[in-house]
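Trainee: The structure follows.
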Amino acid sequence: MSILIYTEVSKGKIKKASLEAVNYGAKIASMLGTTSTAVIVNCADAALLADLGKAGANKVVQVKNDKLKVLDSQLFAQAISEVAKAESANVIIFCHDLFGKAIAPRVAVKLKAGMVPGAVDYPTLEGTNFVIRKNVFSGKATADYVIKSDNKVISLLPNSFPVTMSDNTATVVDMDVNLGDSKIKVKEQKVSSSELSLPDAELVVSAGRGMKGPENWGIIEELAKTLGAATACSRPVSDIGWRDHHEHVGQTGIAIRPNLYIAVGISGAIQHLAGVSGSKTIVVINTDKEAPFFKSADYGIVGDAFEVVPKLTEALKKFKANH
Ligand code: FAD
């Protein structure tokens, strides 16, 4: 019995959500008196592999396979299931991000595992069963789910767990896996041009239909740049094509839990809140004092984004210059 954690690299670093998952896996391993193994695909960078050890993995399996150079979730699921079998892993951990959401359920089916997607706490043990907490009703409540099967798949809501690094070292092994042919054809892969990965960002500036059009996003980007924040948007904004789909947060987009979420010209519909209500501090800027978002805000500014946002950016620039 052991724990396997699926990890990824983004923009030359191990994703923060992957480090959270490795920490989480190491904690379960110590609860169960076993070891944890991180699995990473086509990453030969020794420093990055060492980071997985520092995050708590006892072993790192580096899967080398040219078929995994494209993000084909079916082939990835096949590969991770093979590694789980080779490592006799019965608890497999993923991040609940876009790719994790595509692979984890497939792995669960292949391994006949019970699965909890979007866990927000460490499991408690009931014999060999795991009791795992997750958000329900768009984040308005939590529920405890019991996984009773021998194999267990858990995906973690990003930014729900702290990351601690130590001087632990992991043994690194290369592994190839026998994969069938892909059933899908990936025509194009676009890497987001934004410097910060939205799910990993500590600070996020997000805007909605109140911005009136894509040509007005300059003030949002300027505020984000001044803060060192990632940018996000509401769903209609990405549906209309004002912003790229990868910025869309909410029930049907990415779920994020940054330390600071600034929402500009977003009404605060329940489906939007579902993806952002876990943010530690929420600031809302809206002309309508009745906008539902104010009910979830820690700080609210009733005002016109086109006046408030440039003033906020100027104030932040002055503050930064003086500190
Ligand atoms: P609006 O509702 O049009 O709000 C614009 C806001 O801007 C208003 O509050 C207005 O007062 C304010 N405003 C206008 N002018 C200014 C100004 N000058 N300065 C400041 N404020 C101004 N939505 C998501 O975001 N994410 C999801 O994942 C998502 N999933 C959905 C899933 C389903 C099944 C359904 C049915 C809907 C989903 N939606 C989602 C849509 C959601 O219900 C809302 O329609 C959407 O969030 C509204 O986007 P918005 O706040 O940008 O636009």
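Trainee: So if I place +1 on the C-beta of Lys and Arg and -1 on the C-beta of Asp and Glu, and nothing else carries charge, what would the dipole magnitude of the chain be about its Cα centre? I want it in debye, nearest 20.
Mentor: Computed charge dipole of the chain: roughly 360 debye.
Trainee: Please find the FRET efficiency linking E290 to F137, where r is the Cβ-Cβ separation and R0 is fixed at 25 Å, and quote it to the nearest 0.05.
Mentor: With R0 = 25 Å, the Cβ-Cβ based efficiency is 0.60.
Trainee: Once phi is turned into θ = phi - 60°, what whole-Hz ³J(HN,Hα) does the Karplus curve with 6.51, -1.76 and 1.60 give for every residue of region 87-97, x standing for Gly and Pro?
Mentor: Karplus-based 3J(HN,Hα) across region 87-97 equals 8, 6, 7, 10, 10, 10, 10, 10, 8, 8, 10 Hz.
Trainee: Whole-Hz Karplus ³J(HN,Hα) for region 241-249, in order, using 6.51 cos²θ - 1.76 cosθ + 1.60 and θ = phi - 60°, x for Gly and Pro?
Mentor: Each residue of region 241-249 in turn: x, 5, 9, 5, 4, 5, 8, 6, 10 Hz.
Trainee: At 0.36 nm per residue, and after removing the present C-alpha to C-alpha distance, how many nm does the segment from F319 to S166 gain when stretched out fully?
Mentor: Extending this stretch completely gives an extra 51.6 nm.
Trainee: Okay, moving on. Taking H as built 1.01 Å from N, whose amide H comes closer than 5 Å to the amide H of A119, not counting residues under 5 places away?
Mentor: Amide H neighbours of A119, under 5 Å, 5+ apart: S155, L156, L157.
Trainee: If I model a spin label at H245 and L98 as a point 7 Å from the Cα along the Cα→Cβ vector, what separation in nanometres do I get?
Mentor: Result for the modelled spin labels: 0.8 nm.
Trainee: Calculate how steeply helix 305-322 sits against the longest principal axis of the alpha-carbon atoms of the chain, using the helix alpha-carbon long axis, and give the answer as 0 to 90 degrees to the nearest 10.
Mentor: Helix 305-322 and the main axis of the chain meet at about 70 degrees.
Trainee: Taking the alpha-carbon distance from K318 and a cut-off under 27 Å, which lysines remain once sequence neighbours fewer than 8 residues away in the same chain are dropped?
Mentor: Straight-distance partners of K318: K225, K280.
Trainee: I've got another one for you. Starting from the Cα of K212, step 7 Å along the direction of its Cβ; do the same at D121; then give the gap between the two resulting points in nm.
Mentor: Going from the K212 label point to the D121 one covers 4.7 nm.
Trainee: Right, here's the next one. Can you find, among V70, N151, L316, the residue farthest towards the positive end of the dipole of the chain? Put +1 on the C-beta of Lys and Arg, -1 on that of Asp and Glu.
Mentor: It is N151, whose Cα lies furthest towards the positive end.
Trainee: With +1 on each Lys and Arg Cβ and -1 on each Asp and Glu Cβ, how big is the dipole of region 5-74 about its Cα centre, in debye rounded to the nearest 20?
Mentor: 100 debye
Trainee: On to the next question. Would you please classify the overall shape of the chain from the alpha carbon gyration tensor, given that a ≥ b ≥ c denote the square roots of the eigenvalues, rounded means a/c under 1.5, and beyond that prolate means a/b larger than b/c while oblate covers the rest?
Mentor: Taking the square roots of the gyration eigenvalues as a ≥ b ≥ c, the chain is prolate.
Trainee: How much accessible area per residue does the chain have, counting only protein heavy atoms and a probe of 1.4 Å, in square angstrom?
Mentor: 48 Å²
Trainee: Please list, ordered by chain and number, the residues whose modelled amide H lies under 5 Å from the amide H of S10; skip anything fewer than 5 residues away on the same chain.
Mentor: Distant-sequence amide H within range of S10: K15.
Trainee: Taking 28 Å as the cut-off for C-alpha to C-alpha distance, list the pairs among K54/K152; K64/K148; K27/K134; K140/K311; K16/K59; K190/K317 that go past it.
Mentor: Cα-Cα > 28 Å for K64/K148; K140/K311; K190/K317; rest within.
Trainee: Right, something else. At what distance in nm do the modelled label points of D174 and N65 sit from each other, each positioned 7 Å from its Cα along Cα→Cβ?
Mentor: 1.6 nm
Trainee: Then there is this: Could you point to the residue in S279, H245, G208 farthest towards the positive end of region 183-285's charge dipole, with +1 and -1 charges on the Cβ of Lys/Arg and Asp/Glu respectively?
Mentor: Positive-end residue among those listed: H245.
Trainee: For region 158-316, what % of the accessible area comes from carbon and sulfur atoms, probe 1.4 Å?
Mentor: Here carbon and sulfur together make up 50 percent of the probe-accessible area.
Trainee: A further question follows. Report the net charge of residues surrounding A102, where surrounding means a beta-carbon distance below 14 angstrom and charges are Lys +1, Arg +1, Asp -1, Glu -1.
Mentor: +1
Trainee: Can you list the lysines whose alpha carbon is less than 18 Å from that of K187, not counting same-chain residues fewer than 8 positions off?
Mentor: Straight-line reach from K187, under 18 Å: K67, K69.
Trainee: What number, in percent, do you get for the relative contact order of region 192-271 if the mean sequence gap of Cα pairs under 8 Å and at least 6 apart is divided by its residue count?
Mentor: 41 percent
The values are calculated or read from the model by the stated rules, or taken from the named source; none is laboratory data. Being a predicted model, the structure only gives us computed values, none of them experimental. Using ideal geometry, Cβ is built from the backbone for each residue, glycine included, and neighbour counts are taken over all protein chains shown. With ligands, DNA and RNA removed, areas are computed over all heavy atoms of the protein, side chains included. Shrake-Rupley method; radii C 1.70, N 1.55, O 1.52, S 1.80 Å.
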